[in-house]
Amino acid sequence: MAGPRELTEAALAACRVQGFHPAGVCAADPPESLRQFKDWLDKGCHGTMSYLERSLPLRADPQTVLPGARSVIMVGLNYNQPNPVVPGRPRIAKYALGRDYHKVVRAKLRRVANTLMPLLPGATFRVCVDSAPLLEREYANRAGLGWFGKNTCLIDSRTGSFFVLGALITTAELAPTPRASGGCGTCRLCVDACPTGAIVKEDGRWQVDSPRCISYLTIEHKGPIEGDTRRIGDWTFGCDVCQDVCPFNQQRSSQPGRARTTVEPDFLATRIWPSLREIAELAQPEWDRLTQGSPVRRAGLEGLRRNALINLENEESAHGDPAPDGGAERPEPGL
Ligand code: SF4
Ligand code: SF4
């Protein structure tokens, strides 16, 4: 049987075949950042995402995810693409423009596992894409995929932060790849650009305060959004501001590797979205058809209708004129 180093090379080659970049390997040791994660939860920064609290004890050890786990193969899949603003249309974060990444990454990781199985008789594998209680971002950092920016995104100095993560845990022993290092330095573009001031420094660490974050409010938060909804602007599902402004996500001719546009066909924006007015009045059957296989389904019909109404109101106040047809009614006065 091949040794740990050869197995790592075989794993990384299989990841490249599936289009994963960056990719790396780390030991399936217990996470080092559990205490920080617990502090973040204790401060209520997770908003109403109570499932994060419930899964905390399980996150203490990858053995709860796969008994006998020895290595974690971590992968990133680029979803970067142009996302022009079109007045009157929903503005959706780049990661959600195409097919649900969970399905895409899971299928690819299964193919990586199938490639490795003949080399690893007796080894078992488990694919995790947000589906298991694993602190994936820490393992991605340990495996060398990137370092944490002030916006809390994992940043690969070569390609930026527009990639989703997946993990393949195995009982086989693979050689770890070097841990990622790097940092923001004095840059604070994302902190200053965040429309809601959600990027905050607490106890010397940069964090995102979810209840203030547009991504959280437009996707995870249920019911009316309290406070000043003008800051949500034209975002209908998610928000890319703190990534769009990041220097590591800029395309530069002198650094052609940076922030490339994805070549993953499943991630491209092929779906035609109705106008904000149509979304605000969308019925269930149309919603079901429209969001099939899309990450946008996570917001729920009521959530997306709520967001569209906020966008319309913000669009109207930006132009200083009333809605031509009065629009649909908002469920509750906002924030
Ligand atoms: S996603 Fe948007 S609202 Fe959330 S921290 Fe980033 S810039 Fe701020
Ligand atoms: S915008 Fe600047 S401060 Fe924010 S994550 Fe990128 S490099 Fe770091």
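Could you give the angle, 0 to 90 degrees to the nearest 10, between helix 4-17's Cα long axis and the longest principal axis of the Cα atoms of the chain? On a 0 to 90 degree scale, this one is about 30. Rounded to the nearest 10 degrees, what's the angle between the helix 300-319 long axis and the longest principal axis of the chain, both from Cα atoms, 0 to 90? Helix 300-319 and the main axis of the chain meet at about 50 degrees. Extending 7 Å from the Cα toward the beta-carbon at both residue 263 and residue 173 defines two label points whose distance is 3.6 nm.
How big is D, in µm² s⁻¹, for the chain by Stokes-Einstein at 25 °C and 0.890 mPa s if Rh is the Kirkwood radius over C-alpha pairs? If you can, show how the numbers build up before the last one.
On the way: Rh = 21.2 Å.
Roughly 116 µm²/s, to the nearest whole number.
Relative to the longest principal axis of the C-alpha atoms of the chain, give the angle of the C-alpha long axis of helix 101-116, reported between 0 and 90° and rounded to the nearest 10°. Approximately 10 degrees, to the nearest 10.
Each part reduced to its alpha carbon centroid, the range 66-119 and the range 185-204 end up 27 Å apart. Residues of the range 87-105 falling in the label zone of residue 319, defined by backbone nitrogen less than 15 Å from a point 7 Å along Cα to beta-carbon, are 87-90.
Can you show me the helix-derived [θ] at 222 nm for the chain, built from DSSP H runs with n ≥ 4 at -39,500 (n - 2.57) apiece and divided by the number of residues, rounded to the nearest 500. Walk me through the intermediate numbers first.
Working: 10 runs with 92 residues, N = 335.
Result for the chain: -8000 deg cm²/dmol, rounded to the nearest 500.
Rounded to the nearest 5, the antiparallel percentage of DSSP beta bridges internal to the chain is 95%. For residue 102 and residue 2, the FRET efficiency from 1/(1 + (r/R0)^6), where r spans their Cβ atoms and R0 equals 30 Å, is about 0.45. Take the Cα of residue 158, step 7 Å toward its Cβ, do the same at residue 193, and the gap between the two points is 2.4 nm.
Residues of the range 17-40 with amide nitrogen under 20 Å from the 7 Å Cα-to-Cβ point of residue 202? Residues 32-40 fall inside that zone. Spatially close Lys pairs in the range 1-268, defined by Cα atoms under 23 Å apart and a spacing of eight or more places or different chains, total 10.
A short reminder: the numbers here are calculations on the coordinates, not readings from a lab. Computed from a predicted model, the values in this text were never measured in an experiment. Positions of Cβ are generated from backbone atoms using ideal geometry, with glycine treated the same way; all protein chains shown enter the neighbour counts.
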